[in-house]
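Novice: Here it is, the structure, as structure tokens.
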Amino acid sequence: MKQLIVVRHGQYGHDDRLNDRGRAQIGTLAEKLKSLMNGATVMILTSTMDRARESAEILGSTFGVGFEEHEILWSENSHPEDLPGTLELVRSRKDEVDVLVLVTHYEYVEEFPSYFAREELGTSMHSRLIEKGEAWVLDCLQKTLTHVRP
């Protein structure tokens, strides 16, 4: 795996589904991310929540790939993030593709990039909370972290 991309789902309405703004955010983000991939092989893993799955559908359509749902990528107050479990999920897939995309929620986009950098790359990177429809791109070879906005 050359890159790990952690995407926060787009804006959503009261029904937990993406609204028009959220679909536009993810569509624009997908085009920006695609321009960074240069023909790389891509895999998308997503939370089971509607807003994350719909975001993964848009990304997958743009990248020409499907996605897999994983309960572990869902987080909220009653369902806290599992950073070690998520790291194991990433490790289990990292040799299959050049770019692994995680579509998830605010707890993971704030914490997982730094955790991954420390545990897997042996380096320190400071990630912070990003807005809905944005992403962190971790370059595993250069050991850099880039914030990508729609």
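The values are calculated or read from the model by the stated rules, or taken from the named source; none is laboratory data. In this text the structure is predicted, and so the values were computed from the model without any measurement. All Cβ positions, glycine included, derive from the backbone under ideal geometry; neighbour counts span all protein chains shown. Side chains are part of the model used for accessible areas, which takes the heavy atoms of the whole protein and leaves out ligands, DNA and RNA. Shrake-Rupley method; radii C 1.70, N 1.55, O 1.52, S 1.80 Å.
Novice: Work out, in µm²/s and without decimals, the Stokes-Einstein translational diffusion coefficient of the chain at 4 °C, 1.567 mPa s, Rh from Kirkwood over C-alpha pairs.
Specialist: 87
Novice: Accessible area of the range 1-131 with a 1.4 Å probe: how many percent of it is carbon plus sulfur?
Specialist: 44
Novice: Another question, if that's okay. About its Cα centre, what dipole magnitude does the range 68-143 give when the only charges are +1 on Lys and Arg Cβ and -1 on Asp and Glu Cβ, stated in debye to the nearest 20?
Specialist: Roughly 320 debye, rounded to the nearest 20.
Novice: Dipole of the chain, Cα-centred, from +1 at each Lys and Arg C-beta and -1 at each Asp and Glu C-beta, to the nearest 20 debye?
Specialist: Dipole about the Cα centre, nearest 20: 600 debye.
Novice: How about Lys34: which aspartates and glutamates have a C-alpha closer than 18 Å to its C-alpha, ignoring those fewer than 8 places off in the same chain?
Specialist: Straight-distance partners of Lys34: Glu54, Glu57, Asp98, Glu134, Asp139.
Novice: Give me the 1.4 Å probe accessible area per residue for the chain, excluding ligands and nucleic acids, in Å².
Specialist: Ligands and nucleic acids excluded, the figure is 47 Å² per residue.
Novice: Still on this structure, I have one more. For the chain, modelled as a Gaussian network with Cα springs under 10 Å, which listed residue fluctuates most, His70, His126, His105?
Specialist: Of His70, His126, His105, the Gaussian network model singles out His126 as fluctuating most.
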